[in-house]
Amino acid sequence: MIVRILILHNRYREQGGEDVVVAAEAALLRSKGHVVWEEVADNRELEEGLRTAVEAVWSRSAQRRVAKRIRELGPDVVHVHNTFVRLSPSVYYACRDAGVPVVQTLHNYRLMCPSGIFFRGGRPCEDCRGRLGWPGVWHGCYRRSRVATASVAATVALHSFLGTWHRLVDLYVAPTEFARRKFIEGGLPEERVLVKPHFVAPDPGVGGGGGGYALFVGRLVVEKGVRTLLEAWKRLGGGKDAPALWIVGDGPLAGEVMETQKGKPGLRWLGRLPRPAVMALMKRAEFLVFPSEWYESFGLVIAEAYAVGLPVVAAAIGAAAELVKDGWTGLHFRPGDPEDLAVKAFQLFSWREKLEQMRRAARAEYEARYSSEANYEMLLAIYRRAGAKGSAGKEGAGL
């Protein structure tokens with residue numbers, strides 16, 4: 001059955017994993033013959049000021065625009081990915097007025113945390129959960145600004161009071177069970193929060209390793225565990241019995257990476273690279289390092305590693321502790337502990353037979369959970385369920 005989907009998404013100023021997921025899902029659905037439209041706003045066009053702060057809480061222009069699109073297109077379901085800042089939660093009311101069921105993917109924790117990442121002062125922080133984000137205002141957690149953070153907290157507070165999150169979203173999609181539990185603890189209805197992981201497409205094919213290096217791919221920021229990563233490789237030394245470290249990405253800690261690189265022949269910083277180049281590096285790497293110290297809701301780079309048969313050494317926190325099966329598709333280490341990371345990296349690099357077994361297990365995990373075919377069936381089932389729920393008692397459900 002052909003499903004007609006209107007996707008709503010608000011891009012951030014810097015492209016990230018959310019944009020990759022949205023594009024991949026839209027392409028997958030179109031490849032299967034479904035009709036997909038996209039209504040996309042872009043924060044790169046954002047102007048600072050009071051008007052922007054008010055529209056983040058409720059954008060009448062976005063509400064009118066989405067209502068018009070629904071009238072013109074007649075979608076069976078609206079799939080919302082991100083409404084922050086320029087779309088705003090007002091778009092849910094356009095969907096309600098048109099009687100169209102709504103699916104919302106939960107990419108981050110902004111409904112409970114103004115910064116969206118549950119991280120402050122170099123450690124996980126849940127002070128705002130259940131308190132509508134107001135502790136974050138005091139700390140200026142969003143963009144290091146109390147005014148900007150107040151706008152986020154006001155959005156959450158108003159729409160919590162109006163019941164927007166409970167009344168106007170038929171189904172929520174969390175990418176991992178860890179993220180699902182956090183949102184339920186934060187107050188979302190348990191029966192309406194489902195788990196569907198993200199996926200990797202097209203299939204890049206399996207690599208063979210042999211490059212002699214471990215690989216990090218991600219933004220160079222504190223919460224990604226970059227300092228822990230650098231300290232671990234200082235401990236490893238640069239001998240032939242230890243893996244080199246190649247770093248892909250850019251960000252505020254780029255200077256520290258460059259400085260560390262000067263005294264470490266085995267450490268290479270490659271900057272930001274296009275996806276095909278990253279996948280080629282993954283195919284030759286010995287393993288991926290995922291040292292994030294915040295509650296990642298997923299970790300698309302882990303799924304990409306699995307797609308090429310690359311094991312992962314991951315900090316045992318957030319979604320990574322769930323995605324990486326310790327001793328099977330990789331190894332866990334204590335978050336923020338460079339000594340433990342160094343030990344696990346050396347162990348895996350030396351453990352050649354086990355490393356090959358992990359390569360096969362990683363690829364099998366990709367095929368079972370993170371391929372486009374596996375994901376398509378999950379996504380379609382969610383749309384059907386949302387259609388049945390949102391259209392109960394209505395004629396012409398469409399799904």
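The values are calculated or read from the model by the stated rules, or taken from the named source; none is laboratory data. These figures come from a predicted structure and were not determined experimentally. FYI the Cβ positions are ideal-geometry reconstructions off the backbone, even for glycines, and counts take in every protein chain you see. Calculation scope for accessible area: heavy atoms of the full protein, side chains included, ligands and nucleic acids excluded. Shrake-Rupley method; radii C 1.70, N 1.55, O 1.52, S 1.80 Å.
Taken about its Cα centre, the stretch 65-219 carries a charge dipole of roughly 640 debye when the Cβ of each Lys and Arg holds +1 and the Cβ of each Asp and Glu holds -1.
Under the 0.36 nm per residue contour assumption, what length would be gained going from the current alpha-carbon distance of Arg123 and Lys234 to full extension?
On the way: separation 111, 0.36 × 111 = 39.96 nm, distance 2.22 nm.
Length gained between Arg123 and Lys234: 37.7 nm.
For the residue pairs Lys240/Lys354; Lys32/Lys283; Lys264/Lys325; Lys240/Lys344; Lys264/Lys344; Lys196/Lys344, the C-alpha atoms sit more than 26 angstrom apart in Lys32/Lys283; Lys264/Lys325; Lys196/Lys344.
The calculated Kirkwood hydrodynamic radius for the chain is 22.0 Å, given to one decimal from all distinct C-alpha pairs. Within the chain, DSSP assigns beta bridges of which about 5% are antiparallel (rounded to the nearest 5). Amide H to amide H, which residues 5 or more places from Phe119 or on other chains are under 5 Å from it, using H placed in the peptide plane? Here the answer is Cys125, since their amide H atoms fall under 5 Å of that of Phe119. May I ask for the angle, rounded to the nearest 10°, between helix 338-350 and the longest principal axis of the chain, with both axes built from Cα atoms and the value confined to 0 to 90°? Between helix and principal axis, roughly 70 degrees. Counted residue by residue at 0.36 nm each, then reduced by the alpha carbon distance between them, the extension gain from Arg181 to Ala388 reaches 72.1 nm. Spacing of the modelled spin labels on Arg96 and Glu367, each 7 Å from Cα toward Cβ, amounts to 4.7 nm. With r defined as the distance between the Cβ atoms of Ala280 and Asp203 and R0 fixed at 25 Å, what FRET efficiency is calculated, to the nearest 0.05? According to the calculation, E is roughly 0.95.
Mind giving me the FRET efficiency for Val147 and Leu194? R0 is 30 Å, r the Cβ-Cβ distance, nearest 0.05 is fine.
On the way: r = 36 Å, r/R0 = 1.19.
Once the sixth-power term is evaluated, E becomes 0.25.
A dipole drawn for the chain from +1 and -1 charges on Cβ atoms has a positive end, and of Ala321, Pro202, Pro75 the residue lying farthest that way is Pro75. Roughly how tilted is helix 60-73, in degrees to the nearest 10 and between 0 and 90, from the longest Cα axis of the chain? The angle comes out near 80 degrees. Between the helical axis of 275-284 and the longest alpha-carbon principal axis of the chain there is an angle of about 40 degrees. For Val35, what is the net charge nearby, where nearby means another residue's Cβ is under 10 Å from its Cβ and Lys, Arg count +1, Asp, Glu -1? Summing Lys/Arg as +1 and Asp/Glu as -1 gives +1. In the chain, a dipole from Cβ-located charges (positive for Lys and Arg, negative for Asp and Glu) runs towards its positive end, and of Val100, Asn43, Asn375 it is Asn43 whose Cα lies farthest in that direction.
Treating only the Cβ atoms of Lys and Arg (+1) and Asp and Glu (-1) as charged, compute the dipole magnitude of the stretch 1-149 about its Cα centre; round to the nearest 20 debye. Before the final figure, lay out the partial values.
Working: 23 positive and 16 negative charges, 60 e Å.
The dipole of the stretch 1-149 has a size of about 280 debye.
Per residue, the chain exposes 42 Å² of accessible surface when a 1.4 Å probe is rolled over the protein heavy atoms with every protein chain present.
Of all the accessible heavy-atom surface of the chain, with the other protein chains kept in place and a 1.4 Å probe, what percent is carbon and sulfur? Walk me through the intermediate numbers first.
Numbers: 8920 of 16930 Å².
Its accessible area is 53 percent carbon and sulfur atoms.
Each label was represented as a point 7 Å from its Cα along the Cα-to-Cβ direction; for Trp328 and Met1 these points are 3.5 nm apart. For the chain, a crude dipole built from +1 on the beta carbon of Lys and Arg and -1 on the beta carbon of Asp and Glu, taken about the Cα centre, is about 460 debye to the nearest 20.
The distance separating the Cα centre of the stretch 127-158 from that of the stretch 298-357 comes to 34 Å.
Under 5 Å between amide hydrogens, built in the peptide plane, is the criterion, and for Arg11 it picks out Ala41, Asp42, Asn43 among residues at least 5 positions away or on other chains.
Tell me the trypsin sites (Lys or Arg not before Pro) within the stretch 98-201 that lie in a loop according to DSSP and have at most 14 other beta-carbon atoms within 10 Å. Let's see the in-between values first.
Working: sites: Arg110, Arg120, Arg129, Arg131, Arg143, Arg144, Arg146, Arg167, Arg180, Arg181, Lys182, Arg192; in loops: Arg110, Arg129, Arg131, Arg143, Arg144.
Qualifying residues, ordered by number: Arg131, Arg143, Arg144.
Could you tell me the calculated FRET efficiency between Glu339 and Glu259, based on Cβ-Cβ distance and R0 = 30 angstrom, to the nearest 0.05? Efficiency, from the Cβ-Cβ distance: 0.90.
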